[in-house]
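Okay, structure first, notes after.
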Amino acid sequence: MPLSHCIGRVLFDFVSLGYDALPGCCLLITSGTTDMAGLTKDVPLPTEITLHQATRALEISFADGKNFRLPCEFLRIYSPSAEVRGHGPGQEVLQVGKKDVTISAVEPVGQYAIQLRFSDGHDTGIYSWDLLYGYGMEQEQMWQQYLQRLKEANALREAS
């Protein structure tokens, strides 16, 4: 069993965290590793996480058979960080100019989440399994809300 695996350009020691590495820039989370799926016990565990650098997307497969392909831009604009969400309701900061952002690193956080490092330097959001599952389930609605907010702010997805 390999001790490390490369996602993008970053090496991780997955075995010490209870993960098995797979070829092809994937992270496989083995069954029986934990019975905690993030912060909510009824959300299934991810079984595979793949960073597709060419298409700028993070693909996540879950134990219930659902598979989500989340664009880097989507994950960046909906970062769970205080920089994006603020410190309370109504303090959200509209993220603009993020169309071409990429993920430069994916790092495990315990056995319940990952931390993403983006090409624009943002790296403070912790993406728990239940958050990612929710994003996958609500992606289209969230994306349309974002586009509407951009329109109302007369802002662009493209960097200026």
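Miscellaneous remarks
- Relative packing of 115-126, 139-150, 98-109, which averages over residues the other C-beta atoms within 10 Å, highest first: 98-109, 115-126, 139-150
- Peptides 50-59, 128-137 ranked from most to least packed by the mean count of surrounding Cβ atoms within 10 Å: 128-137, 50-59.
- Cα centroid of the range 81-160 to Cα centroid of the range 49-79, whole Å: 12
Laboratory data are not the source of any read-out in this text; all were calculated from the coordinates shown. Since this is a predicted model, take the numbers as computed values, not measurements. Counting neighbours? That spans all protein chains shown, and the Cβs are built from the backbone with ideal geometry, glycine included.
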